[in-house]
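To start, the structure under review is shown below, and the notes come after it.
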Amino acid sequence: MSDEDFRALYARLQQAVFSFAARRLSPEQAMDVVNSTFEVVLRKRDACPERPEEWAPWVMGIARNQVLQEGQRVTRKHHDNRFIEDYADREDPVNPDVAEVVADTEYGRWVWRSLEPSEQRLMTVAFVQMLSTADGARLMGISTSAYTTRVLRLRRRLEALEAEHLGTPILSERGERA
Amino acid sequence: MNETPVDPEQELARLRRAAEKAGLHADVDPARHGLAFPSADDLLARHDGPSEVDVARRRRRRRVLAAVVSSVAAVSVFVLGVFQPWQPDGAAASTVPILSYEYASAKQIATAPGKDARETLRSLSETAAEQVEPARGGSVQYTVSDNFFLSATVGGDEEPEVIPTLLQRWLTSDGAQRSVEKVDDPLDDSGRGLSRPGGWDSLPVRGDVTQPAGEIDAAALDRLPTDRSKLRTALLELTGCASRDRPDRPMCLYVHILELHNIYVVPARVDAAFWSLMAETSAYRLLGDVKDRAGRTGLGISLFPESEPSYRVVLIVSPETGRLLGAEDILIKDDVAAKITAPAITSFTAFLTARWVRSAS
């Protein structure tokens, strides 16, 4: 990858990486992730896909690892007697104040806090505009069909939350009461 | 009841629309949190080896270093406008551990952005301004600093080496300055362990020279106005950092606060004015708590200098007194010519003592 390619890749994906990380970590940590992700990109530049449309899944895979490492680093700081391996099966770290970051309105923050951690993780991946269904599924380590099913359920969950907020019963797409 | 077949990409788009409708943002704006993306060129510069221009500049600076560090006589070159103490190219990378800060571990020191430092700088300015200056015990300004400077030859075969240097300086009212250079003990594994007051008396002396009277304006800081607003203006004029259009003004302030501490017993109100000036820009980043090389509690305030893209510089300030404790220069881009792998401490200075005494001995 040439310097010019890197500039194009960075311009295209810096915002996506930051937003991705900011849904799991503090904004400062998210910026750390941006820096470390693109450091890795430069270190592995020879392995960068040639086709620009393949950059996003490659870079977001690196970003996800950086988010995990950053979360482990913070956790280790507060649990000095444990080892990285102890956290191998941990889910992504979650910044407890992330709702303040991902939404401007009280309603948006309430929606985010109402989501289960697994739903928040899915939302984080699904929000990356440049990731296709197949890319997102790969990033989450599940099949394309499972990913699509979860996407559909999550959308319905958002609709249900909206209905709950408005105090109205939700109807299914066929007009039936859910 | 069977589900209607869905198009995966359409379903994904519908979810995104539903989320936006619910008030969730697709993009989180770093500017809202006082953060900014580094430029692609900065990332490339940190990653790649130095450019020809960088190498040439470094070669030039090493000549300055040779003139400054290799002889005790050169120590007395610490004169406003003649020598910028940040310039020496610092200690060998592999032998000086990088300090870990609250918001920047040693491993991430080259890239960790830290936090907006403006509020902290304002607070430090207030703290420093509240300090009561101790009574002067004489007319001689006595300062002690501990420093590590790199000795390296561009393109040479030898490895960079560490030169531990403790500097005792006495500046008399006639502008004469006596400088005693001593070889300090090695640092411990954590990169700390500098001599404490009294501990340097028995260190071996490498040189002892006195610069003639009239070379330094010993009363320069005494003549600064006491009014805080006027003091800020006067400091900007004294340091030459006055113009807002000056290229890399943040680095100018960084260089000159170090320069003043290398020469004078700096009044707390001058530190307060510097922090106040620095609080006017978002260029400085807060790295948070740190134990400095002498084991003191400090706050790291860092800068990626526009004029020195291979470096990150850090000031360490006492949160208790608002006084400057020291500074570190960190190479964040490999210096191939000097065989230094980034990130690496290339120099640091810890200010250990500053007081007025009766004589230069």
TODO: Kindly provide the set of residues from the stretch A:30-62 that are of a type in the set (S, T, N, Q) and within 9 Å of chain B (Cβ to nearest Cβ), ordered by number.
DONE: A:N35, A:S36
Task: So A:L68, is it closer than 22 Å to B:Y101 by Cα and more than 7 Å from chain B (Cβ to nearest Cβ) - done: yes
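Here's a check for you: in the stretch A:78-96, which residue that is part of a loop (DSSP other than H, G, I, E, B) and either open to solvent by less than 40 Å² (accessible area, probe 1.4 Å) or within 11 Å of another protein chain (Cβ to nearest Cβ) (or both) is modelled with the highest pLDDT?
Of the residues in the stretch A:78-96, the ones part of a loop (DSSP other than H, G, I, E, B) are A:79-83, A:88-96.
After this cut, where a residue has to be either open to solvent by less than 40 Å² (accessible area, probe 1.4 Å) or within 11 Å of another protein chain (Cβ to nearest Cβ) (or both) as well, the list is A:92-93, A:95.
Values: A:D92: 49, A:P93: 48, A:N95: 54.
Ranking the qualifying residues of the stretch A:78-96, first place goes to A:N95.
Given the criteria of a type in the set (A, V, I, L, M) and modelled with pLDDT of 90 or more, does B:L236 qualify? Talk me through it step by step, then tell me what you get.
Details: of a type in the set (A, V, I, L, M): yes; modelled with pLDDT of 90 or more: no.
Considered against the rule, which asks whether it is of a type in the set (A, V, I, L, M) and modelled with pLDDT of 90 or more, B:L236 comes out as no.
Of all residues in the stretch B:1-20, count the ones that are more than 7 Å from chain A (Cβ to nearest Cβ) and either modelled with pLDDT of 85 or more or closer than 15 Å to A:T124 by Cβ (or both).
Our first condition is that a residue be more than 7 Å from chain A (Cβ to nearest Cβ); within the stretch B:1-20, this holds for B:1-5, B:7, B:10, B:13, B:17, B:20.
Those still in the list that are either modelled with pLDDT of 85 or more or closer than 15 Å to A:T124 by Cβ (or both) too: B:10, B:13, B:17, B:20.
So the answer is 4.
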Task: the stretch A:16-29: number of residues that are of a type in the set (D, E) and either touching a residue at least 40 places away in the same chain (Cβ under 8 Å) or more than 9 Å from chain B (Cβ to nearest Cβ) (or both) - done: 0
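Go through the stretch B:280-292 and count every residue that is farther than 17 Å from B:S123 by Cβ and within 13 Å of the chain's Cα centre (by Cα).
Our first condition is that a residue be farther than 17 Å from B:S123 by Cβ; within the stretch B:280-292, this holds for B:283, B:291-292.
Then drop every residue that is not within 13 Å of the chain's Cα centre (by Cα), which leaves B:292.
Number satisfying all stated conditions: 1.
Whether any residue in the stretch A:97-117 is on the phi < 0 side of the Ramachandran plot, more than 12 Å from chain B (Cβ to nearest Cβ) and either at pLDDT 80 or above or surrounded by 15 or more Cβ atoms within 10 Å (Cβ to Cβ) (or both) is what I want to check. Give the derivation first.
Of the residues in the stretch A:97-117, the ones on the phi < 0 side of the Ramachandran plot are A:97-117.
Checking the rest, the ones that are also more than 12 Å from chain B (Cβ to nearest Cβ) come to A:116-117.
Among the residues that remain, those that are also either at pLDDT 80 or above or surrounded by 15 or more Cβ atoms within 10 Å (Cβ to Cβ) (or both) are: A:116-117.
Yes.
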Open item on the list: If the requirement is being among the aliphatic types (A, V, I, L, M), open to solvent by 20 Å² or more (accessible area, probe 1.4 Å) and under 26 Å from B:R192 (Cβ atoms), which of these qualifies: B:L287, B:L299, B:L303?
Closed with: B:L299
Task: Count of residues meeting criterion [crowded, with 20+ Cβ neighbours inside 10 Å, facing chain B (nearest Cβ under 8 Å) and not hydrophobic (A, V, I, L, M, F, W, C)] in the stretch A:118-147 - done: 2
- [ ] Check whether at least one residue in the stretch B:186-195 is over 28 Å from B:S100 (Cβ atoms) and either touching a residue at least 12 places away in the same chain (Cβ under 8 Å) or open to solvent by less than 40 Å² (accessible area, probe 1.4 Å) (or both), and report yes or no.
- [x] no
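Quick one: is B:S359 among the small types (G, A, S) and in a strand (DSSP E or B)?
Details: among the small types (G, A, S): yes; in a strand (DSSP E or B): no.
No.
The values are calculated or read from the model by the stated rules, or taken from the named source; none is laboratory data. Here the structure is a predicted model, which means the values were calculated and not measured. Cβ sites come from the backbone with ideal geometry, for glycine too, and all protein chains shown count toward neighbours. Just so you know, the surface numbers come from the protein's heavy atoms only, side chains and all, with ligands and any DNA or RNA stripped out. Shrake-Rupley method; radii C 1.70, N 1.55, O 1.52, S 1.80 Å.
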